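Take a look at the structure set out below.
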Amino acid sequence: MSDSLPLPQKAWPELRAGWVWLCGAGPGDPGLLTLHGLNALRQADVVVYDALVGEDILSWAGDAELIYAGKRGGKPSAKQRDISLHLVELARAGKRVLRLKGGDPFVFGRGGEEAQTLVQHGVPIRIIPGISAGIGGLAYAGIPVTHRDVNQSVTFVTGHDQTGDTPGSLDWSAIAQGSQVIVIYMGMKHIAQITQRLMEAGRSPSEPVAFVTSATLEHQNVVESTLGTAVDDAKAAGVEPPAIICIGRSVLMRQVLDWQSLEAGAAPRNLDPLDRGRPAESA
Ligand code: SAH
């Protein structure tokens, strides 16, 4: 067990031999790991981690064995089953196993499948949520995922399914009509199709869009665009995965809430980007 990083005084749960804890590591910035995550790292014998889990967090695992289980998006799910069965084997070998996944383990991360396989094999589990990129990553870009003047709902969408295609099961027209703000994970590959379908279903080409790449990391980059120009703007700016795409007027709030630019000394671009014409907190 690693004691190098202190935890606040509390009766923290014990990661026991033969158990697997599925834990979210957050979107990138190691400070966004939860205390339960840190508690898990300090106790694990083995950490099985994904592509988007950062080095800093892994370095907090003490002398635990680190096993990389990264997969590239859109690949067939056979390997997914191998990962789950590997977790079962490790647990059966009496290890204290930490399965560390980017963001939140239950948000587009197949954490549910892994957990289900573990339970089906009689392996005891605990789930540790994490900050999902579609919420925390947008917050680092100065975009509130809900904002009272903009949306009472938000839709999280994955840009492709297991086959690598845009999710055939998604009714993009219904999403376009029913979702004030749309947050897309894994959307870069099919961005042209997605924006096209949304506009065909009535969303305005002038609607604000933001691409947030490497969110919460030092090289975080944000490209502001519109639905009609998103494909060209992303291309021109060299937007590469991992990226979160946010579609909706909440993107405008970045003009006043881009706190990283404010921290660097920039002035807010617009104190009232939604043109409310009155103080932000008034009813
Ligand atoms: N479970 C993760 C999502 C896994 S799917 C979560 O809750 O965040 C992987 C996708 O998440 C990426 O393709 C990208 O769309 C998004 N993503 C994860 N980390 C990101 C980051 N730091 N910056 C931008 N997008 C990120």
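Only one residue in Val239, Val209 is part of a strand (DSSP E or B), within 21 Å of the chain's Cα centre (by Cα) and either of a type outside the set (D, E, K, R) or farther than 23 Å from Ser153 by Cβ (or both), so which one is that?
Numbers: Val239 fails: part of a strand (DSSP E or B).
Just one listed residue meets the conditions, Val209.
The set of residues in region 247-267 being surrounded by 16 or more Cβ atoms within 10 Å (Cβ to Cβ) and either part of a loop (DSSP other than H, G, I, E, B) or of a type in the set (A, V, I, L, M) (or both) consists of Ile247, Gly248, Val251, Leu252, Met253, Val256, Leu257, Asp258. Would you say Asp149 is in a loop (DSSP other than H, G, I, E, B) and without any contact (Cβ under 8 Å) to a residue 40 or more places away in the chain? So Asp149 fails the test. Out of Gly164, Gly178, Gly187, Gly168, one residue alone is among the small types (Gly, Ala, Ser) and within 12 Å of the ligand (Cβ to nearest atom). It is Gly187.
Is it the case that some residue within region 199-217 is among the aliphatic types (A, V, I, L, M), within 19 Å of Arg249 (Cα to Cα), within 12 Å of the ligand (Cβ to nearest atom) and surrounded by fewer than 22 Cβ atoms within 10 Å (Cβ to Cβ)? Checked against the condition, which is being among the aliphatic types (A, V, I, L, M), within 19 Å of Arg249 (Cα to Cα), within 12 Å of the ligand (Cβ to nearest atom) and surrounded by fewer than 22 Cβ atoms within 10 Å (Cβ to Cβ), region 199-217 yields no hits at all. Of the residues screened, Gly28 is not one that is surrounded by fewer than 19 Cβ atoms within 10 Å (Cβ to Cβ), under 25 Å from Val157 (Cβ atoms) and at pLDDT 95 or above. Please enumerate the residues belonging to region 1-43 that are assigned to a helix (DSSP H, G or I), more than 28 Å from Leu85 (Cβ to Cβ) and either more than 16 Å from the ligand (Cβ to nearest atom) or not assigned by TED's automatic domain parsing to the domain that holds Glu65 (or both). Of everything in region 1-43, just one residue is assigned to a helix (DSSP H, G or I), more than 28 Å from Leu85 (Cβ to Cβ) and either more than 16 Å from the ligand (Cβ to nearest atom) or not assigned by TED's automatic domain parsing to the domain that holds Glu65 (or both), namely Leu35.
Does Thr195 count as in a loop (DSSP other than H, G, I, E, B), within 16 Å of the ligand (Cβ to nearest atom) and crowded, with 20+ Cβ neighbours inside 10 Å? Considered against the rule, which asks whether it is in a loop (DSSP other than H, G, I, E, B), within 16 Å of the ligand (Cβ to nearest atom) and crowded, with 20+ Cβ neighbours inside 10 Å, Thr195 comes out as no. Here Val123, Val154 are screened, and the one residue that is over 26 Å from Ile175 (Cα atoms) and in contact (Cβ under 8 Å) with a residue 24 or more places away in the chain is Val123. For region 75-99, filtered to residues that are in a helix (DSSP H, G or I) and among the β-branched types (Val, Ile, Thr), the residue that is modelled with the highest pLDDT is Val88.
Each row is one residue, and each column tells you yes or no for (1) buried (at least 20 other Cβ atoms within 10 Å of the Cβ); (2) more than 30 Å from Val256 (Cβ to Cβ); (3) among the small types (Gly, Ala, Ser).
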residue: Val53; (1), (2), (3): yes, yes, no
residue: Ala69; (1), (2), (3): yes, yes, yes
residue: Arg92; (1), (2), (3): no, yes, no
residue: Val119; (1), (2), (3): no, yes, no
residue: Pro124; (1), (2), (3): no, yes, no
residue: Ile127; (1), (2), (3): no, yes, no
residue: Ile131; (1), (2), (3): yes, no, no
residue: Gly134; (1), (2), (3): yes, no, yes
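Going residue by residue through region 133-151, is there one that turns out to be out of contact with any Ser or Thr (no Cβ under 8 Å at 6 or more places or on another chain), farther than 30 Å from Asp275 by Cβ and more than 16 Å from the ligand (Cβ to nearest atom)? No, because not a single residue in region 133-151 is out of contact with any Ser or Thr (no Cβ under 8 Å at 6 or more places or on another chain), farther than 30 Å from Asp275 by Cβ and more than 16 Å from the ligand (Cβ to nearest atom).
The values are calculated or read from the model by the stated rules, or taken from the named source; none is laboratory data. Quantities reported herein were computed from a predicted structural model and do not represent experimental measurements. Don't worry about glycine lacking a Cβ; one is built from the backbone with ideal geometry, like all the others, and counts go over all protein chains shown.
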